């Protein structure tokens, strides 16, 4: 008789193995004429295995440690050499306003401001400025933004150089000798293994850090992008579409180098250098994401297999993810066009996805300037009235 304590474990393990058998059904992942046994290692050839991807999670945490060291000992000194310093925004302590800020809302309504001003014996203008300063206190500093951009620039540069070295002598499309009834049966190369593992670990690390990194207006799009990237890499790996996967990754990385470098020089205040790098990024972005990606990669993964085999689940799912990725390209392309328009016609590049810290500071400065001008005008008017009064009295 089996002990009662062991029954739940036995039931759980049985359910787990049943789910595993169902999840890895060949009709989901492979065309009808191919079996998992066809992709087993043989004659010195090594093929991809889903278990290879387990290592990406610990590697992601290793990258987080490397990132911390890099930001402290490389990015921070580099930022200081550019004149970027850590800024500390001080706010006058106020327990009433602080409690309202934490427990009610960060942006009080006018009626709330009126009540808080009465309670704290302050003017409404002082309460508004306190909340604005308190919001800015929690916003990321320019140094933090520079550190993040510097880390991503360094990784994209290294992984792109490595990707080019791995792929420069590989054909973009599958040769007929490598395709069996429309399905690639290529063995795994060590360079492809490490390229995949490092890329996937990097995206895991970005996903783990999303809650701590600088939040922008496209925060949700970033979550979707990272999840889509990890899912795409995982499924392309398990279904043995590793060549298509490596091409997708390098097409994205080659443009991101220029974007992160443009951000770095933007935070450093090198406007002309930032503008030049952003123009280069824009050109590479639209070529790689709107020409190379749809007309080469999507054509290879979506159109060519139609001539050889009937659609199956992994084929549909992988291409659906690639289409979602292309939709995200359109989304970010819209923002890039807005920034190009601002640069060309307004002579200024500002990341339209960034938080509105600078906008609030500019608003405050504009309000001060406006009030100063109003006071000057009022003084001039009063001076003119005094002059007229004086002249009138003199006439009498």
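Taken together, the values in this text are just the output of simple stated rules run on the coordinates, not laboratory data. On a predicted model such as this, the values are computed, not experimentally measured, just so you know. No Cβ is skipped: glycine too gets one built from the backbone with ideal geometry, and neighbour counts run over all protein chains shown.
Values computed for the structure shown
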{"item": "Rg and Dmax [Cα atoms of region 262-310; Å; Rg one decimal, Dmax integer]", "result": "17.8, 55"}
{"item": "Mean-position separation - Cα centroids, region 41-81 and region 99-152, in angstrom", "result": "37 Å"}
{"item": "Cα Rg, Dmax, region 40-100, angstrom units", "result": "23.7, 75"}
{"item": "FRET efficiency estimate (nearest 0.05) - Cβ-Cβ, residue 304 to residue 270, R0 41 angstrom", "result": "0.35"}
{"item": "Cα gyration tensor shape of region 224-267, rounded if a/c is under 1.5, else prolate or oblate by comparing a/b with b/c", "result": "oblate"}
{"item": "Shape category assigned to region 88-140 from the gyration tensor of Cα positions, a/c cut at 1.5", "result": "prolate"}
{"item": "Pairwise FRET efficiency - residue 111 versus residue 21, Cβ, R0 = 56 Å, nearest 0.05", "result": "0.35"}
{"item": "Label-to-label distance, nm, for residues given as residue 165 and residue 338 (7 Å Cα→Cβ offset)", "result": "4.0 nm"}
{"item": "Ranked packing of 232-241, 26-35, most packed first, by mean Cβ within 10 Å", "result": "232-241, 26-35"}
{"item": "Euclidean distance of C-alpha centroids, region 200-274 and region 278-340, integer Å", "result": "15 Å"}
{"item": "Relative packing of 90-96, 247-253, 310-316, which averages over residues the other C-beta atoms within 10 Å, highest first", "result": "247-253, 310-316, 90-96"}
